[in-house]
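Below: the structure, in structure tokens.
The values are calculated or read from the model by the stated rules, or taken from the named source; none is laboratory data. Just so we're clear, the structure is a prediction, and the values are computed from it rather than from any experiment. Note that each Cβ is placed from the backbone with ideal geometry, even for glycine, and that neighbours are counted across all protein chains shown.
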Amino acid sequence: MSTTPGRIVDAHVHLWDPARTDWYPYLGGGQDLGMGDVTGMSRRFDPTSYRNEADGWNVVKLVNVAAATGRHSVDETLELDRRAEADGEPAALIGGLPATSSTAEAVAVIDEQMTAERFRGVRPMNPKAPPVPDDEVLRALTERGLVFELMAHPPDLVQAAARLANHPDLTVVVEHTGWPRSTDDGERRLWLEGIAALADAGPHVHCKLSGLAMPLGSMTAAAFRPWIEPAIESFGARRCLVASNFPVDGLHGSLDELWTAYSEVTSGLGPDEVDDLYAGTAERVYRC
């Protein structure tokens with residue numbers, strides 16, 4: 001059986017330009033992300049860069065996820081949507097949900113991004129806020145047919161699952177495979193419990209298999225397998241989507257190495273499951 005997916009919709013990329021120091025201060029040394037040396041990702045990354053680095057892989061669409069800080073993430077959504085008219089990419093945009101002083105203001109921020117044709121949902125951009133916003137905000141996303149992307153580490157996953165289970169009509173994507181911070185036994189126990197809880201929260205919750213190179217410091221099938229296989233077993237292929245998190249995960253290897261590692265881990269799955277993982281689920285979730 002071939003280990004290479006027939007097509008890929010990369011469900012998590014950051015198309016950015018470090019020259020925008022107001023939007024991305026962490027790429028120029030103006031903000032510490034606690035990730036150590038980030039010079040390897042501090043480079044202009046656009047659709048052409050991606051295509052060149054993914055040579056040999058049939059990547060058919062890109063989904064950009066907000067990376068500009070705070071309210072700049074709203075401007076980023078609008079700007080990338082305008083650029084996509086000429087570039088053809090990204091095919092879909094996950095915008096930002098920055099800190100606001102009220103629920104009404106949060107909804108207004110969402111509606112501002114609704115003017116972007118490729119806007120499909122939001123991720124929180126306020127690291128000081130709880131991982132799951134107020135129920136009113138979640139209901140506003142549901143009413144608008146938008147996606148909520150959960151950014152939560154293992155200690156917060158069970159509580160997040162309980163909150164999100166109460167919104168069965170909201171499409172939810174768990175970012176970065178539940179965002180483990182390390183491979184120690186305690187973290188893994190919390191992660192396994194949280195992944196199970198999120199999978200049980202309902203069919204509206206999906207798991208994005210991404211971001212693992214960051215905590216693992218590696219980009220090999222052997223490193224990925226203990227995390228990817230339990231996630232797929234819990235959610236099923238139709239509720240999982242594979243993504244690169246480039247150029248961030250590029251701190252630990254190339255796009256070719258990343259897709260090769262994923263392909264080795266998923267090589268035992270059937271062709272329909274592979275297509276869901278690498279393309280079909282992302283197309284359904286992001287309507288692209």
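Taking segment 158-203 on its own, how many of its residues are within 18 Å of Val285 (Cβ to Cβ), of a type in the set (Asp, Glu) and assigned to a loop (DSSP other than H, G, I, E, B)?
Residues meeting the conditions: 1.
Look through segment 90-111, keep the residues that are among the β-branched types (Val, Ile, Thr) and part of a helix (DSSP H, G or I), and return whichever of them is surrounded by the fewest Cβ atoms within 10 Å (Cβ to Cβ).
Result: Thr103.
If I filter segment 140-157 down to residues being in contact (Cβ under 8 Å) with a residue 40 or more places away in the chain and part of a helix (DSSP H, G or I), which single residue comes out as surrounded by the most Cβ atoms within 10 Å (Cβ to Cβ)?
My answer is Leu157.
Listed here are the residues, each with its yes/no results for (1) under 23 Å from Gly36 (Cα atoms); (2) buried (at least 22 other Cβ atoms within 10 Å of the Cβ); (3) in contact (Cβ under 8 Å) with a residue 12 or more places away in the chain.
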site: His204; (1), (2), (3): no, no, yes
site: Ala221; (1), (2), (3): no, no, yes
site: Thr266; (1), (2), (3): no, yes, yes
site: Gly270; (1), (2), (3): no, no, no
site: Asp275; (1), (2), (3): no, no, yes
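So, in segment 50-80, exactly how many residues are surrounded by fewer than 19 Cβ atoms within 10 Å (Cβ to Cβ), in contact (Cβ under 8 Å) with a residue 24 or more places away in the chain and closer than 19 Å to Trp23 by Cβ?
Result for segment 50-80: 4.
Taking only segment 242-271 into account, find how many residues are more than 17 Å from the chain's Cα centre (by Cα), within 13 Å of Thr4 (Cα to Cα) and part of a helix (DSSP H, G or I).
Count: 8.
In segment 40-89, which residues are modelled with pLDDT under 95, touching a Leu at 6+ places or on another chain (Cβ under 6 Å) and in a loop (DSSP other than H, G, I, E, B)?
Result: Ser42, single match.
Pick from segment 204-241 the residues that are polar (S, T, N, Q) and closer than 22 Å to Gly280 by Cβ: which of them is farthest from the chain's Cα centre (by Cα)?
That would be Ser234.
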